[in-house]
Amino acid sequence: MNLKASVTRAINLIGEAASLGAKLVVFGETWLPGYPAWLDYCPSAALWNHEPTKDVFAELRRNSLAVPGRETEMLAEAARANGVVLVIGVNERVDVGPGNGTLYNALLTFDSDGALSNLHRKLVPTYTERLVWGQGNGNGLKAVETSVGRVGGLICWEHWMPLARQVLHDSGEHIHVAVWPTVHEMHQIASRHYAFEGRCFVLAAGLLMKMQDLPSQLSVVSDLAKNPDHLLLRGGSAIIGPDGSYVVEPLFDEERVLVADLDLSAIDKERMTLDVSGHYQRDDLFNLKVKTQDFEKQDVSHDQ
């Protein structure tokens, strides 16, 4: 809930990762300025016209970032200065025009020259998330060329949207960024399945959040209130290869920068047996189209 401090912390972590040799740096879902876990742990959050909840939403809105804006300029400079591709989850605020009263769960991708290569908004906020976030559009549903290869990403439960996955598979991802609040067992399964299905590397990024980080305006269930250091979000970040196996095993309950060398030639080896955009896509039977924000249809199917 502190955008200025969170951006500063992110920039420091980008530098730390770069010092360890990272060329692609990934942060979890709505890392800036934090995931609204209070939706799941504060029973009064969903009450209609509840003044404390409105206060918390207003605070979240004030600490969300605009795209473009001062914070995106700072992140772009950090990517450029460290020579890294940066993918980071944010709460996005729209200041002017349609949607200026709505927050979006967004994923920003900066290339190593500092250019903002992609903005993807979560297509369907999950369950209680609909209290704070609006629905995204198809404009950012793609992989983009970067200095480390073609990089795409999905947010949390979008990994259970088969057509969204297929659109990204068709865009030829080398590395897929999967952002989550916590990468628990089912999220690990979804991330590993995505790597196997898409024949790509997957960077699954989770968050750490303690009970004491919940907004003071809202009450929590009594058993949690007794332990302010209890981790509501436990991390679980992992790196997965195109055969679905772990390159780096999941890390829970600990803050650490995970680093690995990715051999992209492994993608070519695994695509011999499965290519869901090629010999495992029956274009004579199936046809997939995606609509961008202006509702202009774009055919993303491929002739076989």
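Order of 202-211, 56-65 by packing, highest average Cβ count within 10 Å first? Walk me through the numbers on the way to the answer.
Numbers: 202-211: 23.0, 56-65: 17.5.
Going by the mean number of other Cβ atoms within 10 Å, highest first, we get 202-211, 56-65.
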Problem set entry | Whole-Å semi-axes of the ellipsoid equivalent to the stretch 19-167 (Cα gyration tensor, √5λ, descending) | 28, 18, 14
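Please label the shape of the stretch 96-190 as rounded, prolate or oblate, based on the square roots a ≥ b ≥ c of the eigenvalues of the alpha-carbon gyration tensor (a/c under 1.5 means rounded; beyond that, a/b larger than b/c means prolate, else oblate).
Verdict is oblate for the stretch 96-190.
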For this session: Taking only Cα atoms and a 10 Å spring cutoff, compute GNM fluctuations for the chain and point out the largest among H230, H174, H50.
Result: H50
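Provide the convex hull volume over Cα atoms per residue for the chain, in Å³. Intermediate results must be reported in sequence, preceding the final value.
Details: hull volume 40.7 nm³, N = 304.
Given the Cα convex hull of the chain, per-residue volume reads 134 Å³.
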Seminar exercise, completed: Here the percent of antiparallel bridges among DSSP beta bridges lying wholly in the chain, to the nearest 5, is 65
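Counting only pairs 8 or more residues apart or on different chains, how many lysine pairs in the chain have their Cα atoms under 16 Å apart? Walk me through the intermediate numbers first.
Details: K122/K142; K122/K291; K142/K289; K142/K291; K142/K297; K210/K226; K289/K297.
Pairs that pass both the separation and distance tests number 7.
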Exercise. Using the alpha-carbon centroid of each, what span in Å lies between the stretch 188-216 and the stretch 79-136?
Worked result: 17
Exercise. Once the Cα atoms of helix 185-198 and of the chain are each reduced to a long axis, what angle between those two axes, in degrees from 0 to 90 to the nearest 10, is obtained?
Worked result: 30
Exercise. Normalised by the residues of the stretch 165-234, what does the relative contact order come to in percent, with Cα pairs under 8 Å and at least six apart?
Worked result: 33
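Shape call for the stretch 137-283 from the C-alpha gyration tensor, a ≥ b ≥ c root eigenvalues: rounded (a/c under 1.5), prolate (a/b greater than b/c) or oblate? The partial results should precede the final answer.
Values: a/c = 2.59, a/b = 1.98, b/c = 1.30.
Taking the square roots of the gyration eigenvalues as a ≥ b ≥ c, the stretch 137-283 is prolate.
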For this session: Kindly report the accessible area of the stretch 67-197 per residue (heavy atoms of protein chains, probe 1.4 Å, no ligands, DNA or RNA), in Å².
Result: 38
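Quick check on the stretch 144-225: what are the equivalent-ellipsoid semi-axes from the Cα gyration tensor, as sqrt(5λ), descending, whole Å? All intermediate terms of the calculation are to be shown ahead of the outcome.
On the way: eigenvalues 203, 36, 23 Å².
The answer is 32, 13, 11 Å, longest axis first.
Where does the chain land at 222 nm, in deg cm²/dmol rounded to the nearest 500, when only DSSP H runs of n ≥ 4 count, each adding -39500 (n - 2.57), divided by all residues? Let's see the in-between values first.
Details: 8 runs with 79 residues, N = 304.
For the chain, the value works out to -7500 deg cm²/dmol.
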For this session: Place a label point 7 angstrom from the Cα of T102 along the Cα-to-Cβ direction, then list the residues of the stretch 127-160 whose backbone nitrogen is under 19 Å away.
Result: 127-142, 155-158
Problem set entry | the chain: angle of helix 51-62 to the longest principal axis, Cα-based, in degrees nearest 10 | 50
Problem set entry | Highest-first arrangement of 165-171, 263-269, 284-290, where packing means the average Cβ count within 10 Å | 165-171, 263-269, 284-290
For this session: Calculate what fraction, in whole %, of the accessible area of the chain sits on carbon and sulfur atoms when a 1.4 Å probe is rolled over the protein chains.
Result: 51
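If you wrap a convex hull around the alpha carbons of the stretch 44-118, what volume per residue comes out, as a whole number of Å³? All intermediate terms of the calculation are to be shown ahead of the outcome.
Values: hull volume 7.4 nm³, N = 75.
Here the figure is 99 Å³ per residue.
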Seminar exercise, completed: From most to least accessible, 1.4 Å probe, no ligand or DNA/RNA atoms counted, W157, W38 line up as W157, W38
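The values are calculated or read from the model by the stated rules, or taken from the named source; none is laboratory data. Source: prediction; values computed, not measured. Note that each Cβ is placed from the backbone with ideal geometry, even for glycine, and that neighbours are counted across all protein chains shown. Accessible surface is based on the protein model in full, side chains and every heavy atom, while ligands, DNA and RNA are left aside. Shrake-Rupley method; radii C 1.70, N 1.55, O 1.52, S 1.80 Å.
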